[in-house]
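First comes the structure, then the notes that go with it.
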Amino acid sequence: MTRIGLAALTLCVSTLALASESAPYPSRAITIVVPTAPSGGNDLIARTLAQKLSPLLGQSVIVENRAGANGAIGTETVARAAPDGYTLLLGYIATHAMNPALQTLRYDPVKDFTPISLLGYSPTVMVANPKADIKDVGDLVAQLKASPDKYAYATAGNGTAPHFAGELFQLNAGVKMLGVPYKGSAPAMTDTVGGQTQLMFPSLFTAAPYIKGGQLKALAIAGPERAPSMPDIPTLKEAGVDGVEVQQWYAIFAPANTPAPVVEKLNAAFNAVLKDPDVVRRMKEHGADVALSTSAELGDLVKSELARWKDVVTKTNIAIN
């Protein structure tokens, strides 16, 4: 190729690159990374929102599951992605508060992300396999005090809400159970339904279909009050075990240094979708409540939750199973 031809080609490529950079956002598909296995609560939330976001933003919104290391693999992937608004993370209490409070990770939940929008909350529920000989929480506590490690409880992995709830339950009830970590809520739920493990502390959002279908027995809500969507389930405090309050939350994050105009557009889009009656209904059917926020409000939530769970780890000596 002649020097003139090479120069022309270089100019053409540069021009196309500049045109791409100056195109209104978004000008191509957006990917939401879910750092957990398919079919879990996080996955369902992401796919529900993606379906509504696509027509609103005028571009495809793709959901990509990158499970592993209790959410750390997918979360780190987004932390290292280009800060252009085309790679987002459906983060949650484990990725941005509990897991970082429990162990050193290869990402910083505050410094490596730009908060976009809070999505919603869901209480944690204590469930048991119906075939297990467990009448209620009081009966479970009595059995475990008589026979420590009689039952095994599944977690979505170390540093996740089901793990923390299980550890707090044992600490405050004065009992011992065998914790079994899985690579996400979906496989943990599968084994609890199948009877390989007898207990679990998933979000109500994840567990609701199994409770309604009779595949799991709800024992108690690990929160300050009963869930409006399932008011017959008592709280653990009502059942005699205080100090186990694990409210799960979900949010959207982008890599650090994402431009402010992109953050503003995404925040407005997610807040609009969260007002959609169909989205609100689907979330409530699964025991979750939508929650709107600004980017700054989500940032403040992450900082306060991280500090809270670091304090819990220090005071209770919660450890990796």
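The values are calculated or read from the model by the stated rules, or taken from the named source; none is laboratory data. Treat the numbers as computed from the prediction; the structure is a model and nothing was measured. A quick note on method: Cβ atoms are made from the backbone with ideal geometry, for glycine too, and the neighbour counts reach across all protein chains shown.
Test Ile221 against the criterion of being part of a loop (DSSP other than H, G, I, E, B) and surrounded by 21 or more Cβ atoms within 10 Å (Cβ to Cβ), and give yes or no. No: the conditions fail for Ile221. Val279 meets each of the listed conditions (1) in a helix (DSSP H, G or I); (2) more than 18 Å from Ile32 (Cα to Cα); (3) in contact with a strand residue (DSSP E or B) (Cβ under 8 Å, 6 or more places away or on another chain) apart from (2).
In a residue-by-residue description of region 295-317, the property of being within 23 Å of Gly138 (Cα to Cα) and either surrounded by fewer than 21 Cβ atoms within 10 Å (Cβ to Cβ) or among the β-branched types (Val, Ile, Thr) (or both) applies to at least one position. Mind checking which residues of region 229-262 are within 21 Å of the chain's Cα centre (by Cα) and part of a loop (DSSP other than H, G, I, E, B)? Scanning region 229-262 gives Ser229, Val244, Glu245, Val246, Ala256. Would you check if there is a residue in region 302-318 being over 19 Å from the mean Cα position of the chain (by Cα), in a loop (DSSP other than H, G, I, E, B) and aliphatic (A, V, I, L, M)? Among the residues of region 302-318, at least one is over 19 Å from the mean Cα position of the chain (by Cα), in a loop (DSSP other than H, G, I, E, B) and aliphatic (A, V, I, L, M), which makes the answer yes. Annotation: Tyr182 fulfils all but one of (1) more than 23 Å from Arg281 (Cα to Cα); (2) crowded, with 17+ Cβ neighbours inside 10 Å; (3) in contact (Cβ under 8 Å) with a residue 40 or more places away in the chain; (4) in contact with a helix residue (DSSP H, G or I) (Cβ under 8 Å, 6 or more places away or on another chain); the unmet one is (3).
Conditions tested, residue by residue: (1) over 20 Å from the mean Cα position of the chain (by Cα); (2) of a type outside the set (Ser, Thr, Tyr); (3) modelled with pLDDT of 95 or more; (4) in a helix (DSSP H, G or I).
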| position | (1), (2), (3), (4) |
| --- | --- |
| Ala81 | no, yes, yes, no |
| Thr95 | no, no, yes, yes |
| Thr114 | no, no, yes, no |
| Leu118 | no, yes, yes, no |
| Pro123 | no, yes, no, no |
| Pro130 | yes, yes, yes, no |
| Asp139 | yes, yes, yes, yes |
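Conditions (1) assigned to a loop (DSSP other than H, G, I, E, B); (2) in contact with a His (Cβ under 7 Å, 6 or more places away or on another chain); (3) among the aliphatic types (A, V, I, L, M); (4) on the phi < 0 side of the Ramachandran plot, marked per residue:
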position	(1), (2), (3), (4)
Met189	no, no, yes, yes
Val193	no, no, yes, yes
Tyr210	no, no, no, yes
Gly214	yes, no, no, no
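Checking the structure you have, find out if any residue of region 104-112 is among the aromatic types (Phe, Trp, Tyr), assigned by TED's automatic domain parsing to the domain that holds Gly41 and in contact with a strand residue (DSSP E or B) (Cβ under 7 Å, 6 or more places away or on another chain). Looking through region 104-112, none of the residues is among the aromatic types (Phe, Trp, Tyr), assigned by TED's automatic domain parsing to the domain that holds Gly41 and in contact with a strand residue (DSSP E or B) (Cβ under 7 Å, 6 or more places away or on another chain). Among residues that are within 21 Å of the chain's Cα centre (by Cα), modelled with pLDDT under 95, outside the structural domain of Pro35 (by TED's automatic domain parsing) and crowded, with 20+ Cβ neighbours inside 10 Å, Ala188 is included. Scanning region 67-104 for residues that are free of Cβ contacts under 8 Å to residues at least 40 places away in the same chain and hydroxyl-bearing (Ser, Thr, Tyr) yields one hit, Thr104. Exactly one residue out of Ile221, Ile252 is under 30 Å from Leu144 (Cβ atoms) and aliphatic (A, V, I, L, M), and it is Ile221.
Against the list (1) part of a helix (DSSP H, G or I); (2) over 23 Å from Ile320 (Cβ atoms), the condition Thr77 fails is (2).
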